[in-house]
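**Student:** Please find one structure pasted underneath; my questions will follow.
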Amino acid sequence: MRFNGLFAALVLVSQIPALAQSTAACGGFFQPVCNINTRVQSLEGTWIAQVAQPGGPLALFEVGTYHADGSYSGANVNSSHSDHKGVWLRVGDRQFVFTFMFFTHDDKGVFNGIVKARGSVTLSEDGKSYDSVVERVIMDTSGNELQVTPGIKGHSVRMDLELARTPTPQ
């Protein structure tokens, strides 16, 4: 019996260093337990995106959907761009990274380039918007990099379901 009490005390004391090493803001030995909202830990859904070219104002750019399987599809307002395809991944609390790609063509529809966007996203606490920073890579038709533009800022809002204002006649 005395051995069991001594063993229990030894196990308890051995856990103090592990508890003390927890992050200070999240459940450290003398800290409160974190309340991370798991409800807003996904980008799944459809988003309306605005992008600001370096030094410019935000402007409507794209409507896109983040799918549950980690894929992305979207289309933007520029008629010389193909649909956008990509992948995304959650990397932390309301933090995500993505890579999107699309093709460009001239006014006659001839393929003339590739654009890749690599970015990071910070989702708002309510999950209804996010801010992003993107690096745009312009490539020739063979995929050779021609230009890289870092620091492109964006803001997106989650698309909500809207019911018709005028009810349909029965």
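The values are calculated or read from the model by the stated rules, or taken from the named source; none is laboratory data. Predicted model, so just to flag it, every value in this text is computed and none were measured. Don't worry about glycine lacking a Cβ; one is built from the backbone with ideal geometry, like all the others, and counts go over all protein chains shown.
**Student:** Give me the pairs, please: first residue somewhere in the range 149-164 and aromatic (Phe, Trp, Tyr), second residue anywhere and surrounded by fewer than 16 Cβ atoms within 10 Å (Cβ to Cβ), beta-carbon distance under 6 Å, and either six or more positions apart or on two chains.
**Tutor:** That search, which allows pairs on different chains as well, returns nothing.
**Student:** Asp93: surrounded by 13 or more Cβ atoms within 10 Å (Cβ to Cβ), in the same structural domain as Thr149 (by TED's automatic domain parsing) and out of contact with any strand residue (DSSP E or B) (no Cβ under 8 Å at 6 or more places or on another chain), yes or no?
**Tutor:** Criteria met by Asp93.
**Student:** Across the range 93-132, which residue is farthest from the chain's Cα centre (by Cα) among those that are without any contact (Cβ under 8 Å) to a residue 12 or more places away in the chain and on the phi < 0 side of the Ramachandran plot?
**Tutor:** So the first thing to find is which residues in the range 93-132 are without any contact (Cβ under 8 Å) to a residue 12 or more places away in the chain, and the list is 108-110.
After this cut, where a residue has to be on the phi < 0 side of the Ramachandran plot as well, the list is 108, 110.
Working: Lys108: 34, Val110: 32 Å.
So, considering only residues that are without any contact (Cβ under 8 Å) to a residue 12 or more places away in the chain and on the phi < 0 side of the Ramachandran plot, the one farthest from the chain's Cα centre (by Cα) is Lys108.
**Student:** May I pose another question? For the range 43-79, enumerate the residues that are touching a residue at least 40 places away in the same chain (Cβ under 8 Å) and on the phi > 0 side of the Ramachandran plot.
**Tutor:** From the range 43-79, those touching a residue at least 40 places away in the same chain (Cβ under 8 Å) are 43, 45-54, 58, 61, 63; that's our starting set.
Answer for the range 43-79, where residues must be touching a residue at least 40 places away in the same chain (Cβ under 8 Å) and on the phi > 0 side of the Ramachandran plot: just Gly45.
**Student:** Has the range 61-75 got any residue that is touching a His at 6+ places or on another chain (Cβ under 9 Å), in a loop (DSSP other than H, G, I, E, B) and in the same structural domain as Thr141 (by TED's automatic domain parsing)?
**Tutor:** We begin by selecting, within the range 61-75, every residue touching a His at 6+ places or on another chain (Cβ under 9 Å); these are 62, 64, 72-75.
Retained after the next criterion (residues that are in a loop (DSSP other than H, G, I, E, B)): none.
There is no residue in the range 61-75 that is touching a His at 6+ places or on another chain (Cβ under 9 Å), in a loop (DSSP other than H, G, I, E, B) and in the same structural domain as Thr141 (by TED's automatic domain parsing).
**Student:** Which numbered condition in (1) farther than 22 Å from Gly143 by Cβ; (2) at pLDDT 95 or above is the only one that Ser79 fails?
**Tutor:** Only one criterion in (1) farther than 22 Å from Gly143 by Cβ; (2) at pLDDT 95 or above is unmet by Ser79, namely (2).
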